[in-house]
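Please read the structure below before turning to the comments.
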Amino acid sequence: MYTRKAFTVFTSRRRVFTKVFTKVFTEGSLFLAKSRKNPKKGAKMRNKNRRTNPFIGCLLLEITKMYAEVVKSWNPWVGCNHNCRYCDPSFKRQAKRQKHRCKLCYGFVPHFHPERLKNQSFPKHGLIFVCDMGDIAFATKDQIILILDVIRNHPQSTFLLQSKNPSCFYGLNIPDNAIVGTTLESNRFHPEITNAPAPGNRAYWLTRIICKHKAVTIEPIMQFDHEAFVGMIRDIHPDWVWVGYNNYPDAVSLEEPSKERTLALVESLKSFTEVKLKTIREKV
């Protein structure tokens, strides 16, 4: 069962997160190391996995830039055709490390890994980010149902399902321990940066999804219309909203709002939901 306590473990974001987020990397998954009970064993396992799968260590860094609450990445579905420009220097770049493991992962081609549905172990605290290396919207309904069944069979854990086309979840039985979310860079549509549906379309479908918990990610934030954007998010009734700037401003130039406008948006959002700040900086 979801409780807010599960998401307040990382009270000061990256500082505390870095201390708690000791990991064991195994077969593309991120596991909490039991280093507190056995520090030597934990260190030995971490060093072994850094040597055998450096991709996972780099992926961990990408995820921590995005969501401090995430304690594990689980990717039974990989790949995306939205072609968002801001994904090029981050997840698409990390996918290139999979050349000798999976050619489809290497090319970020949408595909299913059914073998990753079996024998999974999930932490009880924090978030498990499902299909963070792609967009589950490109999966078939049957494949999504198989993923939801695994989530339902692990009620002690909490899973984040996020898509830029949340219509893929419409009509499905979403487990109570799953949070369904979408990314809204702005209320304005920027077709020059993504092939994903317009933000209004994403918000509309998320409002229609029947599930216990919803969330919105405003990252990378782009120029927006304050009242319209706040109203769009309010209609979703999210449990919380993440807000952050582009993490790679030197690699990708986006039409960003000023820091003052962003903080004013944050204050408006706080009137009806919890806001979690990510990378907040001056406009580039």
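Things to note:
- Cross-link pairs Lys141/Lys212; Lys164/Lys278; Lys124/Lys214; Lys72/Lys259 - those with Cα-Cα distance over 28 Å: Lys72/Lys259
- Counting other Cβ atoms within 10 Å as a rough exposure proxy, the listed residues Tyr86, Tyr170 run Tyr170, Tyr86 from fewest neighbours to most.
- The slack between Ser121 and Asn81, meaning 0.36 nm per residue of separation minus the straight C-alpha distance, is 11.5 nm.
- In this simple spin-label model, placing a label point 7 Å from the Cα along the Cα-to-Cβ direction at both Asn195 and Ser167 gives a separation of 1.6 nm.
- Ordering Ser167, Ser253 by the number of other Cβ atoms within 10 Å of each residue's own Cβ, fewest first, gives Ser253, Ser167.
- Simple spin-label estimate for Ala228 and Phe272 in nanometres, 7 Å along Cα-Cβ: 1.7
- With Cα atoms as the point set, the radius of gyration and Dmax of the range 110-253 evaluate to 15.5, 47 Å.
- Both radii are taken from the alpha-carbon atoms of the range 175-278; with Rh as the Kirkwood radius, Rg/Rh is 0.95.
Just so you know, all these numbers are worked out from the coordinates, no wet-lab data involved. Just so we're clear, the structure is a prediction, and the values are computed from it rather than from any experiment. A quick note on method: Cβ atoms are made from the backbone with ideal geometry, for glycine too, and the neighbour counts reach across all protein chains shown.
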